[in-house]
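Here's the structure we're looking at; comments come further down.
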Amino acid sequence: MGYCSVKSLVKDDWELAIELLPDACHKGYGTEALPLLMQALHELTGRRYYRARVEIDNHASQGLMKKLGATPNGISE
């Protein structure tokens, strides 16, 4: 179905990653899974803030990040 994870535990700012197979997209799985990951990470590490890179044309992921309380932090190339 897909995965959600932290890209690298070595960096100071942990970056969240989520990828779903096409058949699993737009069904709410990301909205359920990513908060569970973030809650578990908070309980284990105390971290509350993460980074997430979203493609500029990926409106579904942008909406997911907004639901989770994310704020835009600029554009990367």
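The values are calculated or read from the model by the stated rules, or taken from the named source; none is laboratory data. Model, not experiment: these values are computed from the prediction. All Cβ positions, even for glycine, are placed from backbone atoms using ideal geometry, and neighbour counts span all protein chains on display. Only protein heavy atoms, including side chains, enter the accessible area calculation; ligands, DNA and RNA are left aside. Shrake-Rupley method; radii C 1.70, N 1.55, O 1.52, S 1.80 Å.
Details
- Within the range 62-77, being outside any loop (DSSP other than H, G, I, E, B) and open to solvent by 100 Å² or more (accessible area, probe 1.4 Å) holds for Lys66, Lys67.
- Odd one out for His42, checked against (1) touching a Phe, Trp or Tyr at 6+ places or on another chain (Cβ under 9 Å); (2) not in a loop (DSSP other than H, G, I, E, B): (1)
- Of the candidates His59, His26, His42, the single residue that is open to solvent by 40 Å² or more (accessible area, probe 1.4 Å) and in contact (Cβ under 8 Å) with a residue 12 or more places away in the chain is His26.
Condition check ((1) at pLDDT below 95; (2) of a type in the set (D, E, K, R); (3) open to solvent by 100 Å² or more (accessible area, probe 1.4 Å)) across all residues:
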residue	(1), (2), (3)
Asp13	yes, yes, no
Ala17	yes, no, no
Arg48	yes, yes, yes
Val54	yes, no, no
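- The set of residues from the range 1-41 being among the aliphatic types (A, V, I, L, M) and touching a Lys or Arg at 6+ places or on another chain (Cβ under 6 Å) comprises Ala17, Leu41.
- Check on Leu20, closer than 16 Å to Tyr3 by Cβ and without any contact (Cβ under 8 Å) to a residue 24 or more places away in the chain: yes
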